[in-house]
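Each remark here refers to the structure printed beneath this line.
The values are calculated or read from the model by the stated rules, or taken from the named source; none is laboratory data. No experiment lies behind these values; they were computed from the predicted model shown. Here the Cβ positions follow ideal geometry from the backbone for every residue, glycine too, while neighbour counts run over all protein chains shown. SASA here: full protein model, heavy atoms, side chains in, ligands and nucleic acids out. Shrake-Rupley method; radii C 1.70, N 1.55, O 1.52, S 1.80 Å.
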Amino acid sequence: MKSRKTNNLLWIFFLLLVKFAFTQQQQQKPNVLWVLTDDQRYDAIRAFNKILDNREMSELGYVESPNVDKLTQMGTTFINTYCQATGCAPSRASMMTGRYPFRSGVYEFEYHNNQAEHSKPSLPEQMVDLGYETLHIGKLGFRLRTTKNGKFQSAEVFQKNIDFKQLRKDGLTDWGKDWFHELDGKKLDQPMKNLEFFVNPEGEFEYILSEEAEKEFPKYNGTALTTAKKYDLFRKYSKKNPKSNYEGMILAGVSSRKAGKTRDGYYASIFDDYLKNENAEFTVGSRSFKGVNTEKPLFCHIGFDFPHTPVLPPASFRDRFQKYTYKVPVFNKEELEKMPAQLKKQINNAYADDFTDEEKHKMIQDYYAFCAYGDALVGETTDAFIKYSEEKKQPWMIVYVCGDHGWKLNDHGSISKFSSWEIDSHNPIVVVSSDKKAFPAGKVVRDFTEFVDIAPTILAASGADLDNQKFNYLDGLDMAKVASEDISARDYIVGESHAVTGPRAFIRTKDYVFSMQTRPNKKRGENMDWALHSSYSDLDPALYDMKNDPKEVNNLAFDKGYSKIAQTMKEKLINIVLGDNRVEVKWGKRGDGTEVFRSNFAPGAHDYKLKL
């Protein structure tokens, strides 16, 4: 009997020892915080301006970014990082998958699925396999779907998902837009689609009904006008869509709530609650979540909404920025004469030069005030993360990405994104790590890096063997090896996006950027060789000389003095995006299609080498 008891005790001790050893092994992996902002221009960050242009402020005027500036001092800045697509969904897909759009088949805002034959696990799913607890807070923008329990639905790629959709329903925001099936207790015959609302300091919803809906609900008559005045709203308008208090992107205004109680403010405070409630339940609006699992390394993605529209900085930030005068980008309509038709389409879609000078100035002023507020929230989240990791004596890593793409503020006469121009595609990354050997403090890397590098960088730091065949689908590089120069510098970066402009790809070197139409239309799998047989002019090309024309105003695609450069870049781009294992998928409206089409007439063309 005594022997059996002793054996049981030994067995329990052995199990505890194994658990302890496993926990210790897991805790040697760094906690990882990935912070991503939305529609943020790189010139909103003083440190980036200093590195790129030898001045702290934006060319347009005053900016404020003490917290990201501090990250650049603590870690390594990859100053020449470019996104793969200048639209939210395809750009985020490239980060989440580590694949170019022409390899994943995600080119715009289409729903897609993980059941197509070329599909691979996303970054957070791979992190789970590496032993991580995964958490998402805020905006994700990854439109992946799957079949679960016989139902086709959104794929939950994070173990814990505190997404913005339910937060806005719970009133944990300052502004929101949603479908409403009832109003004031009255069930609606048809839902009100994309109904905007503000949440005031008392937590009450202030709805902005359409003119038709105001007639049905007289108590809301005039609320659109009242709200516009109350929050000093400036909405996008055009000749086709004149000024309205009912619709249009909100390009300027003041938040209905104080700093910390906006939607982005709640993301930061929820993350803080998550870290403080170790292994315990905590409440977020109508939902409950379990706090951080201290027995596993943490991988967290925080998707901030700022400075995406609606641009609504809290009064405490907005008021401070009212004293600054900004230089509005000047647009010369002669630029349109040489501008490619596809880029002209984007300009016309979001034309801003008809705004009054006062409106343009207000738009710029509030944009940078919003960025400054966001910077404060980035500081809160990164400080809390470092504090938690160091208290636990765990290694850690922060990946800060300045925007999923950029944003125009009357640059080229437009707002919005969706172009291959520098202001829409240049998005520096800062990596800060407790491992200063991998990511030295204060180091600036000027070699090209791309958004597809984010996944392999995080995976490698988290213990993944990227040489293993299971990771051979990754298109990006480990940025630690780029920083250490163990990898040769890229000569170019590439990308492709289909939203707004239609199918268009770009290739950028340090001196030139070339872009062109890649497909005759958006019909997947049809005429994939169109560009090979089309005339040069049909490709709607653009070539800009970045040394002599950094604003990318003078299209040189048809200039005889640049014909050799244009032709070389065109051929390289076609071979890469159309000929080196291109994938197109008929996803269908619901995203449930799985028919894959491939084009591979130039395998190996994407070798990072291009001599001009």
Given just the C-alpha atoms of region 311-428, how large is their convex hull per residue in cubic angstrom?
120 Å³
Net charge (Lys, Arg +1; Asp, Glu -1) of residues whose beta-carbon lies under 11 Å from that of Cys88, Cys88 excluded, is -1
Where the accessible area of region 517-560 is counted over protein heavy atoms with a 1.4 Å probe, how much of it, in %, is carbon and sulfur?
49 percent
From phi via Karplus (6.51, -1.76, 1.60), per-residue ³J(HN,Hα) for region 408-424 in Hz, x at Gly/Pro
8, 10, 6, 4, 6, x, 9, 10, 6, 10, 6, 10, 8, 5, 3, 5, 9
Compare the Cα positions of Thr449, Pro550, Gly406 along the charge dipole of the chain (+1 at Cβ of Lys, Arg; -1 at Cβ of Asp, Glu; about the Cα centre) and return the one farthest towards the positive end.
Thr449
Can you quote the Å³ per residue value for the convex hull of the Cα atoms in region 509-612, rounded to an integer?
125 Å³
Nothing charged except the Cβ atoms of Lys and Arg (+1) and of Asp and Glu (-1): what's the magnitude of the dipole of region 117-198 about its Cα centre? Round to the nearest 20 debye.
220 debye
Accessible surface of region 421-510, 1.4 Å probe, proportion on carbon and sulfur as whole %
43 percent
Local electrostatic count, Tyr220, Cβ distance below 11 Å [Lys/Arg +1, Asp/Glu -1]:
-3
At q = 0.20, 0.21, 0.23 Å⁻¹, what log₁₀ I(q)/I(0) does a Debye calculation on the Cα points of region 140-258 give, no solvent, two decimals?
-1.19, -1.25, -1.37
Which entries in the list Lys169/Lys243; Lys50/Lys611; Lys481/Lys522; Lys338/Lys547 go over 25 Å, if you measure between the two C-alpha atoms of each?
Lys169/Lys243; Lys50/Lys611; Lys481/Lys522
Along region 51-60, what does the Karplus equation 6.51 cos²θ - 1.76 cosθ + 1.60 (θ = phi - 60°) give for ³J(HN,Hα), rounded to whole Hz, x for Gly and Pro?
5, 7, 10, 6, 8, 7, 8, 5, 4, 7
Formal net charge of residues neighbouring Arg590 (Cβ-Cβ distance under 13 Å; K, R +1; D, E -1)
+3
Run through region 482-526 and list the GluC sites (Glu not before Pro) located in a DSSP loop whose Cβ has at most 15 other Cβ atoms within 10 Å.
Glu485, Glu526
In terms of Cα to Cα distance under 17 Å, which aspartates and glutamates are near enough to Lys165, apart from those fewer than 8 places away along the same chain?
Asp38, Glu156, Asp174, Asp178, Glu196, Asp264, Asp305
Identify, among Asn468, Asn49, Tyr608, the residue whose Cα sits farthest towards the positive end of the charge dipole of the chain, taking +1 on the Cβ of Lys and Arg and -1 on the Cβ of Asp and Glu, with the dipole about the Cα centre.
Asn468
Label point 7 Å out from Thr568 along Cα-to-Cβ: which residues of region 510-548 have amide N under 16 Å?
510-515, 543-547
At a temperature of 25 °C and a viscosity of 0.890 mPa s, determine how fast region 428-575 diffuses translationally according to Stokes-Einstein, using the Kirkwood radius over alpha-carbon pairs as Rh; express D in µm²/s, rounded to the nearest whole number.
139 µm²/s
Between Asp549 and Asp178, 0.36 nm times their residue separation minus their Cα-Cα distance comes to what?
129.2 nm
Might you report the magnitude of the Cβ-based charge dipole of region 230-341 about its Cα centre, with Lys and Arg at +1 and Asp and Glu at -1, to the nearest 20 debye?
580 debye
Expressed in angstrom and ordered largest first, the alpha-carbon extents of region 436-498 along the principal axes are 37, 26, 19
List the residues whose amide H sits under 5 Å from the amide H of Leu183, counting only those 5 or more places along or on another chain, with H placed 1.01 Å from N in the peptide plane.
Leu188
Dipole check, the chain, charges on Cβ (K,R +1; D,E -1), about Cα centroid: among Trp421, Leu459, Ile208 the Cα furthest to the positive pole belongs to Leu459
Whenever you get a sec, compute what percent of the accessible area on region 114-260 sits on carbon and sulfur atoms (1.4 Å probe).
46 percent
Fraction of alpha-carbon pairs over 14 Å apart in region 205-268 - percent:
64 percent
Measuring from its Cα centre, the chain shows a charge dipole (+1 at each Lys and Arg Cβ, -1 at each Asp and Glu Cβ) which, in debye to the nearest 20, is 1120 debye
If the convex hull of the alpha-carbon atoms of the chain is projected onto planes in all directions, what is the mean projected area in square nanometres?
31.6 nm²
Restricting to Cα pairs under 8 Å and 6 or more apart, the percent relative contact order of the chain works out to 23 percent
Mind ranking Thr283, Thr509 by accessible surface for me, highest first, 1.4 Å probe?
Thr283, Thr509
Checking region 171-244 for GluC sites (Glu not before Pro) in a loop per DSSP with at most 10 other beta-carbon atoms within 10 Å yields Glu202
Compute the accessible area per residue over the chain, keeping the other protein chains in place, probe 1.4 Å, unit Å².
42 Å²
